[in-house]
Each structure stands twice: as C-alpha cells, then as structure tokens.
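Visitor: One structure coming up, written as structure tokens, with questions to follow.
Just so it is clear, none of the values below were taken in a lab; they were calculated from the coordinates. This is a predicted model, so every value here is computed, not measured. Glycine gets a Cβ as well: all are built from the backbone with ideal geometry, and neighbour counts include every protein chain shown.
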Amino acid sequence: MEARARKLGFDALRVTRPDAVPLTRERLPAWLAEGHHASMDWMEERADQRADPSALWPEARSVIVLGMNAGPEADPLALLAQKERGTIATYAQRRDYHEVIKGKLKELGGFLSARSGKPVKVFCDTAPVMEKPLAQAAGLGWQGKHTVLLSREHGNWLMLGAIFCVAELPVDPPETDHCGSCRRCLDACPTEAFPAPFRLDARRCIAYLTIEHAGPIPTEFREKIGNRIFGCDDCLAVCPWNKFARAARETRMAARADLAAPPLADLVRLDEAGFRSFFAGTPIKRTGRDRILRNVLIAIGNSGDAALAEEAARCLADPDPVVRGAAVWACGRLFPMARLDALYAAHGRDEPDPHVRAEWYALLPTAMEGPSASETCCA
C-alpha cells in the first residue's frame with residue numbers, strides 16, 4: 001500500500017487507531033470554551049465527533065494518515081519587504097489541495113477496499129476530523145508549538161488526508177515532541193497569537209483574520225498584517241526542521257508564478273468576474289472577492305506607496321461596506337488631511353453603514369458627529 005501511495009504522490013503514510021487520541025476529548029472543549037476558535041462556529045458543530053474519531057464512524061478500526069509535501073521553493077518571508085505586492089500563504093499559491101488530495105485518497109481507498117474486502121471512507125478537511133492529532137498518533141510527525149504538524153523528514157509543509165477503514169491494519173508507533181526549548185515559531189508571530197506553546201488563539205491569527213474573519217479587521221492588527229493578503233507563513237517559515245523539507249513534487253501542486261507576489265495595484269482593481277477568473281482553482285476563490293479586497297486595501301495602507309493612494313480612494317465607492325471601511329483606513333494612511341476632508345465630503349458624508357462611519361470618525365472626528373457605541377466595534 002505504501003508503494004501505491006508514493007506512486008500517487010504522497011510522501012508519507014502511517015497507520016493508527018481511531019481511539020488513539022484520547023486527549024483531544026479534553027483539549028478541544030477547553031479550547032472552544034476559551035473562545036480561541038473566534039467566529040469559526042463549525043468547530044463547535046459535531047465537536048463530539050471531532051474530538052473522538054471513533055465516534056465519527058464507529059465501524060472503523062484503522063486510520064491511515066497520509067502527507068503530501070507542499071513546501072515553498074523560496075523563502076516566503078522575503079516577500080514581506082515588497083510592500084507594493086501582496087503576500088499569499090504558500091499552500092494557497094497552488095491548486096486547491098482539497099481537490100488534488102481528495103481524488104488521490106479515493107483512488108488509494110478503492111485499492112485498499114478491493115484488497116481487504118472492507119469499506120473505507122476518505123477525508124481531507126471535509127468532515128470533523130482532526131488530522132494533526134491522528135498524524136502524531138500514527139507517527140507521521142508531532143504538533144509543534146505553533147500547533148502545526150512537524151516531521152523530522154519533511155518539516156512542517158505537509159498537506160494531510162486520512163482514510164478510515166474497517167479492516168484491522170498494523171499500527172505505527174506515535175511520534176514524540178522534538179521541539180525542545182526552541183520557540184522561534186512563537187516569537188515570529190506578528191500578532192502574538194500564541195498565548196502559550198502548543199496553543200493558538202485564532203482571534204489574533206493573521207491566517208484567521210485574512211481568510212475566515214468576515215467583518216472589518218480589528219484596528220490593532222492592521223499594521224501588523226503588513227502585505228499579507230491571504231494567510232501567513234511566518235511561524236512555519238522559521239522552523240529549523242524545514243532544513244529537511246522539500247518543494248512539492250506533485251505537478252498539480254506546483255505553485256503558480258503569478259501568485260508568488262501579485263502587484264497590489266492589479267489586485268485592487270479586480271471585479272467579481274476578474275477575481276473568479278484570476279483565482280480559479282485555488283483556495284483563495286472560496287474566500288470571496290470582497291474579503292480579499294479588504295485585505296488588499298489593508299496592505300495598500302501599509303505600503304506607504306503614494307502611487308497606490310488613488311486606488312484606495314476609488315474603493316470608497318465600492319458596493320461592499322467592509323471594502324469601503326478598509327478603503328477609508330488605507331486613505332487615512334496615505335493622504336494628507338486636506339485630501340481626506342475632500343474625500344469625506346464626496347463619500348463619507350452620506351455613508352449609510354455604521355461601521356464605515358466609524359472608520360471616517362477615527363480619521364476626522366471634528367468633521368462629523370461621533371459614532372454610537374455600536375459603531376466602534378472595529379476600533
């Protein structure tokens with residue numbers, strides 16, 4: 001089976017039992033109770049199955065966990081200095097890994113089912129399955145202090161999938177922690193999203209804020225986001241175990257050159273059709289044009305590039321209020337006060353959305369009446 005998996009492009013395969021992760025039954029409810037999942041309500045749904053894989057499919061007796069390398073070909077942190085361009089998380093610069101891996105899991109699962117005569121089910125981030133604890137139980141790696149799976153052979157760039165099967169398969173020994181005293185990942189986080197080693201507060205995580213979070217990005221994080229327009233690689237990129245990592249060898253997981261560092265000036269002009277066309281086949285498309293444009297405007301505000309100021313001003317008339325609010329903030333970072341007064345007269349005076357009005361008030365408190373308490377949520 002391992003030979004078949006490698007032929008399909010997987011770089012690692014290990015086996016464990018569905019009941020091999022008992023600690024998740026305690027840790028997941030505690031994490032949810034602390035609110036560290038932010039607005040990701042789907043983490044609460046079917047939490048009992050998420051915390052206990054044996055409850056997801058009681059007939060399953062074995063879990064095969066597989067990993068596929070998706071490492072970058074260059075240092076992703078180098079792009080943070082190119083402030084006129086957007087930085088996209090490494091995994092999102094390529095074809096949606098769900099589509100690639102899911103098909104390969106089905107093929108391998110079909111092979112296993114035919115050989116064993118037992119049914120299988122495949123999962124790749126499409127059901128309440130916590131692949132990382134299962135991967136550690138199977139010996140594929142361990143969850144580092146940044147909560148991402150780490151491997152001594154592959155670093156922390158593995159994309160994971162799982163096959164649940166009724167057949168009884170020989171299991172592999174679990175992996176132990178090899179982080180030691182290292183805390184590079186924790187110290188690298190721009191927004192201090194790790195309240196402690198091995199714990200992530202999504203409310204402060206740039207990946208959450210730029211992908212999952214639907215509303216205005218809280219003001220305290222905007223400058224720290226820099227030019228990151230989709231996700232964040234900082235805690236991954238600094239891990240010393242990446243000296244063993246390899247770039248993706250699966251051809252359909254090859255990074256797109258035009259997504260390595262796209263110009264903000266091009267991204268900010270994308271309408272709905274242009275957005276769908278440019279990001280077709282990538283995970284970014286699911287996030288939607290308005291949320292990505294919000295992120296692009298935050299990056300423009302952080303660019304210090306006067307040439308991008310007019311692009312931000314144009315977005316003050318965007319139909320989406322979250323985009324308009326981000327445009328107000330970007331304009332406030334790039335234009336002198338006299339121009340801001342003129343922009344307010346043209347766009348802000350009749351602004352219907354309370355959150356956008358709050359953005360204007362933060363810039364020009366003397367030009368308008370202060371917002372009500374309900375309008376200051378993003379301050």
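Visitor: Would you please put 292-302, 356-366 in order of how densely packed they are, using the mean number of other Cβ atoms within 10 angstrom per residue and starting with the highest? Write out the running numbers ahead of the final one.
Guide: On the way: 292-302: 26.8, 356-366: 19.2.
Those peptides, ordered most packed to least, come out 292-302, 356-366.
Visitor: With runs of 4+ DSSP H residues as the only contributors, calculate the mean residue ellipticity of the chain at 222 nm using -39,500 (n - 2.57) per run, divided by the residue total and rounded to the nearest 500. Walk me through the numbers before you get to the answer.
Guide: Numbers: 17 runs with 135 residues, N = 379.
It lands at -9500 deg cm²/dmol.
Visitor: Under a crude label model (7 Å from the Cα following the beta-carbon direction), how far is F111 from E272 in nanometres?
Guide: 4.3
Visitor: Order these peptides, 161-173, 332-344, by their mean beta-carbon neighbour count within 10 angstrom, highest first.
Guide: On the way: 161-173: 18.2, 332-344: 15.7.
Result, highest mean Cβ count within 10 Å first: 161-173, 332-344.
Visitor: Here's a follow-up. How far, in degrees from 0 to 90, does helix 321-334 lean away from the longest principal axis of the Cα atoms of the chain, to the nearest 10?
Guide: Helix 321-334 sits at roughly 60 degrees to that axis.
Visitor: What is the helix-to-structure angle for 354-363, meaning the angle in degrees between its Cα long axis and the longest Cα principal axis of the chain, kept from 0 to 90 and rounded to the nearest 10?
Guide: 60
Visitor: Moving on to the next point. By per-residue mean of other Cβ atoms within 10 Å, what is the highest-first order of 114-124, 221-231? Don't skip to the answer; put the middle values down first.
Guide: Values: 114-124: 17.1, 221-231: 21.3.
Ranked from most to least packed, the peptides come out as 221-231, 114-124.
Visitor: Over segment 1-262, what is the relative contact order in whole percent, taking alpha-carbon pairs under 8 Å and six or more residues apart? Working shown, then result.
Guide: Details: 476 pairs, mean separation 75.4, N = 262.
This gives 29 percent for segment 1-262.
Visitor: Relative to the longest principal Cα axis of the chain, at what angle does helix 24-33 sit, 0 to 90 degrees, rounded to 10?
Guide: For helix 24-33, the angle is close to 10 degrees.
Visitor: Enumerate lysine pairs in the chain that are 8 or more residues apart or on different chains, then count those whose Cα atoms are under 20 Å apart.
Guide: Eligible lysine pairs with Cα atoms under 20 Å apart amount to 17.
Visitor: Follow-up question, since we're still on this one. To the nearest 0.05, what FRET efficiency results for R6 and T176 with a Förster distance of 35 Å applied to their C-beta separation? If you can, show how the numbers build up before the last one.
Guide: Working: r = 25 Å, r/R0 = 0.71.
Once the sixth-power term is evaluated, E becomes 0.90.
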